């Protein structure tokens, strides 16, 4: 996975030097969950498997981020079914 490490390093270096790590991690977590739900067609069990989370952990995170399975958002924040 050398390519992933390089891309991650570039992404980290592009971040501002001062930022809220808590907000950043929340945004990354939410984005990864949205991507997994989209890739799994909104099936929570499959999204949880893709994220290597238990189904109950995913359910908690969906609630935490006010997300609904089967309804995802685009990068611009627009709702899709």
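FYI, it's all coordinate maths here, none of it is from the lab. Not measured: the values here are computed from a predicted model. A quick note on method: Cβ atoms are made from the backbone with ideal geometry, for glycine too, and the neighbour counts reach across all protein chains shown.
At 0.36 nm per residue, and after removing the present C-alpha to C-alpha distance, how many nm does the segment from residue 26 to residue 55 gain when stretched out fully?
8.5 nm
By per-residue mean of other Cβ atoms within 10 Å, what is the highest-first order of 59-67, 32-40, 19-27?
Descending packing order for the listed peptides: 32-40, 59-67, 19-27.
How big is D, in µm² s⁻¹, for the stretch 9-51 by Stokes-Einstein at 37 °C and 0.692 mPa s if Rh is the Kirkwood radius over C-alpha pairs? List each step's numbers first, then the result.
Working: Rh = 11.7 Å.
Approximately 280 µm²/s, per Stokes-Einstein.
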